[in-house]
Every structure is written in structure tokens, then in C-alpha cells.
Amino acid sequence: MNHSKRATALASLALSSTMILSACGGDGGGDGGDSGGGDVKLTMLPKNLGNPYFDTSTKGAMAAAEELGVEMEEVGPQEATPDAQVQYINTAAQQATDALVLSANDPEALCDAIGEARDAGTKVVTFDADTNPECRDLFINQATAEGIAKVQVDIIAEQIGDAGEIAILSATANATNQNAWIELMEAELEANHPDIELVDIVYGDDDDQKSFDQTAALLQNHPNLKGIVSPTTVGIAAAARYLSDSNSKGKVALTGLGTPNQMRDYVKDGTVEEFALWNPEELGYLATFAADALASGDISGEAGDTFEAGDLGEYTVEEDGSVLLGEPFRFNADNIDDFDF
Ligand code: RAM
């Protein structure tokens, strides 16, 4: 299975991303599964709305829903908090959605609401940021946590000569995905980069202004800072905007996880040399095929289950109830114009 088509695979599937979208394949059509059983209704719940990363994953989800001929609606809060997500989970369950696809703002805090939804017959697929594994049916993993941690450490080490002070600008303090990556980045630094010192970890809450302000504070509090790693698309874009207009531009390295469209200007103006990500459109697309396969009874989410994910091919559920999209990808001046998301 070649899952490395990456960013370009779905670029032609143009669907607009607005706050609430729904794709519907018409009435009484197929549900995309072998077992039939009527119309499938899916709900997409990102960490927050207004984040281009999730606009892009929803675009992929909508494209998948359209291909499958199922209904998909996107709902979500403005702020990336678990409390705000709970009400959407409750509503989805009340509306008898067949499967909920969500990026969790907390590994534990959503579990009661998710449990009630599952008791009511809703399948729950996490993608991007997982809950505790026992809370959900499947997790669609963008890349291995080890791979995501290592690519960011490798890039910052390359850019600062493998020595000096660095800091991390993260998303929210409870984010399962960022916290897993940070832990592994710390281990990787300790094991293989003895001369790099991680002096601070700060949280911009996936809020643009807060991330911008935290960048300013990092530079002020750590005058010897050589680099910032921001494992969030909101954080890295805000940090790049701050740096591009400051004396630290070109002196303090910045890398992390970003979308090409948000980072393009900063790569071109020399603020950022290289950063990483996967294709969020493919992630949303894959998560939707998985949700449909569960909802229509084609798979139960057991290790070894296989399902087809349209253009991306066949995937297999792994031991921990997860499905792996692929490898992280490095973006830089040489390739950034090949991508549009
Ligand atoms: C932000 C969110 C998301 C994360 C990306 C890299 O958009 O925190 O969960 O996966 O960054």
C-alpha cells in the first residue's frame, strides 16, 4: 500500500470549508458499506473552528463523505477546550449520529460524554489528538509520535549547530497529541543532543494572539535562545509572524509543525528554513472512511480489521486500535510551492 502520495492526492477535491458544512450523498443512496442499513450520518468535531489545519482535515472528511454518499456535518467550539467539546458530543448522540469523528482536547475529560454516546449507538473515531484508548473505537494517527518528535528535533538541531538553548511553544496544556510529542522530544534531546538545552515550555492554547504573545515573552525571558520548536500549526504561524518582524529574525531558528499555506511567506522571507507536517486533508479523509466502515458494520475496530479508504487504498487496524496515515513530511523553500493546504 503506498500511502505516500501525501499532500497532492486530494488537492483536486475542491470543497469550501466554512464553519458548518455538510456533505450529503442524497436520499436512500448506498451507505458505502456492504451491510447496508440505511443512511449513515457522521459528525466531525475538531479541537476548535477557525484553525486552517482543521478546515483542511474537514475538507478531506467532506470529500470522503461525498464519495461514500453519506451525510457529514462539522460542528465545534471557538476555543480548544474539553468543556466546550462535551456539549457537541452530547448533541451528536442525541441526534443519533452514527459516528463521531473528533480531535480531542483532553485525553480523559471527554470520556464520560463519549461513553454515553457509544452507549446510545454512536461509534467514536478520534483523529489527530486521541483520548485514552479505551474511550473510543478507533484512533486515526497522522504519523507515529516518535517520528513526529524526531523530525522536529532533527530540524532544530540542524539549524542551531546542535547546541544552545531552545524552547517549545505548544498548543493547550492538556493536548494529548502535543504532550506525547513533547515527552518524546525531551527523550530524544536527552539521548542524542547533549548540548541542546530545553529551557522553557509555554502554551499558546492554539489561539493566535496568545501564541504571538508567548513568543514575545520567550524571547524576552531567554536572551540566549537559539531556537523555538512549535508543534502546533497555530503556534508556529504566530511565532513566525512575530519573528519575521523582530530583531530575532534569522537569529532565532523556528521549526515545528505547520501548514504550507500558513508558513509560505515566512519560508520565503527567511524567517523559517524548514518545518514538518502530514497532510491534514488525507487525515480527515481517512478518518471518515474509518468512521463509515465502523458505522456500517464493515469493521468492529479490532486489530487486523481492514478497510478501503478511497484514493488512499487499504488500511489495517493496529494492536492499539489505531490506524496509521503515514510519515511526517519536511517542507522548505525547495518544495513548499508544490503544496496548497
Ligand atoms: C494544531 C492542532 C492540531 C495539531 C496541529 C499540528 O492545528 O493543535 O491538533 O495536530 O496543530
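Observations
- Simple label model, 7 Å out from Cα along Cβ direction - E66 to S300, nm: 3.5
- Estimated from helices alone, the mean residue ellipticity of the chain at 222 nm is -11500 deg cm²/dmol (sum of -39500 (n - 2.57) over DSSP H runs with n ≥ 4, per residue).
- Peptide packing: for 141-153, 280-292, the average count of neighbouring Cβ atoms within 10 Å per residue gives the ranking 280-292, 141-153, highest mean first.
- Set of segment 181-210 residues, backbone N closer than 18 Å to the point 7 Å along the Cα-Cβ line of E319: none
- Whole-Å distance, taken between Cα centres, linking segment 271-341 and segment 167-222: 25
- Prolate/oblate/rounded call for segment 89-153, Cα gyration tensor, a/c under 1.5 rounded: prolate
- Candidate lysines - alpha carbon under 23 Å from K251, same-chain residues fewer than 8 apart omitted: K150, K210, K226, K268
- Beta bridges per DSSP with both ends in the chain, % antiparallel, nearest 5: 20
- Global form of the chain, assessed from the alpha-carbon gyration tensor, a/c cut-off 1.5: prolate
- Taking a ≥ b ≥ c as the square roots of the eigenvalues of the Cα gyration tensor, an a/c ratio below 1.5 marks segment 145-277 as rounded.
- Under 14 Å from K59, Cα to Cα: aspartates and glutamates that are on another chain or at least 8 residues apart: E67, E71, E73, E74, E281, E282, D340
Every number in this text was worked out from the coordinates using simple rules, so none of it is lab data. It should be emphasised that the depicted structure is a prediction, and the values quoted were computed from it without experimental measurement. All Cβ positions, even for glycine, are placed from backbone atoms using ideal geometry, and neighbour counts span all protein chains on display.
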